[in-house]
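S.K.: The structure that follows is given in the form of structure tokens.
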Amino acid sequence: MTQAKTLARLLTDIRACTLCAEHLPLGPRPVVQASASARILIAGQAPGRKVHETGLPFNDPSGDRLRDWMGISREVFYDDSKIAIVPMGFCFPGTGKNGDLPPRPECAPAWREPLLAHLKKVELVLVIGQYAQAWHLPEAGVNVTAIVQGWCQHWPQVLPLPHPSPRNNLWFKRNPWFAEDVLPQLRQRVAELLAS
């Protein structure tokens, strides 16, 4: 009970954070989903503009694709008792020449370890994109394709994934092994964890 209260207080503090407000083009709006009972952790990068507007993580085409990869409905995806969603940066960082900017560097050092310490029931971490992979799998290097190709090294506790953004459609076409080999394993593992 005390731990749940502590997590609730931490989430309240995170949602009120203004640590990097001066650098955020739309202002702070931390987006996070977590519960001490969650069995699956989605470690993403940072919310996009649409997620910033709605306050709902992965409420965009990337989220549609991610839910398809996992084989789950929106209802299950947004059930914080089952799935925690903790990006590297909690706020929309803005847009650059080639898409959204990287997560703000102040966020993860301030909040990540205290928050992850409460998620003791997590049995699968989906590590999405280069910034999350650099934090969760620092020994794996920086090449997202190589890290995802080596997914078996971390399985079944951790699964590195490319970002599900439509901007990566060419990557998915060039790497058919991902849909053929990785996604069936992901769907089976997710189903097992949610059923138990």
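S.K.: Please list, or write none, the lysines whose alpha carbon is within less than 27 Å of the alpha carbon of Lys97, excluding same-chain residues fewer than 8 places away.
M.R.: Straight-distance partners of Lys97: Lys50, Lys173.
S.K.: In addition: Lys82: which lysines have alpha carbons under 17 Å from its alpha carbon, excluding same-chain residues fewer than 8 sequence positions away?
M.R.: Result set, ordered by chain and number: Lys120, Lys121.
S.K.: Okay, next question. Assign unit charges at the C-beta atoms only (+1 for Lys and Arg, -1 for Asp and Glu), then state the dipole size of the chain relative to its Cα centre in Debye, rounded to the nearest 20.
M.R.: That gives the chain a dipole magnitude of about 160 debye.
S.K.: Could I ask something else about it? So how do Tyr78, Tyr131 line up by other beta-carbon neighbours within 10 Å, fewest first? Mind showing how you got there, number by number?
M.R.: Values: Tyr78 18, Tyr131 21.
Ascending Cβ contact count within 10 Å gives the list Tyr78, Tyr131.
S.K.: Can you give the local net charge around Gly150? Use residues other than it whose beta-carbon is closer than 14 angstrom to its beta-carbon, Lys and Arg +1, Asp and Glu -1.
M.R.: Numbers: positive: none; negative: Glu139, Asp181.
Charge balance in the 14 Å sphere: -2.
S.K.: Looking at the chain from every direction and averaging, what is the projected area of its Cα convex hull in nm²?
M.R.: Numbers: hull surface 42.6 nm².
Mean projected area for the chain: 10.6 nm², to one decimal.
S.K.: Okay, next question. Please give the calculated 222 nm ellipticity per residue for the chain, where each DSSP H segment of at least 4 residues contributes -39500 (n - 2.57) and the sum is spread over every residue; nearest 500 deg cm²/dmol? Show your work: numbers first, answer last.
M.R.: Numbers: 9 runs with 77 residues, N = 196.
My calculation for the chain gives -11000 deg cm²/dmol from helical runs alone.
Read the figures in this text as sums done on the coordinates, not as results from a lab. For clarity, every value in this text was computed on a predicted model and none was experimentally measured. We place every Cβ from the backbone using ideal geometry, glycine too, and count neighbours over all the protein chains shown.
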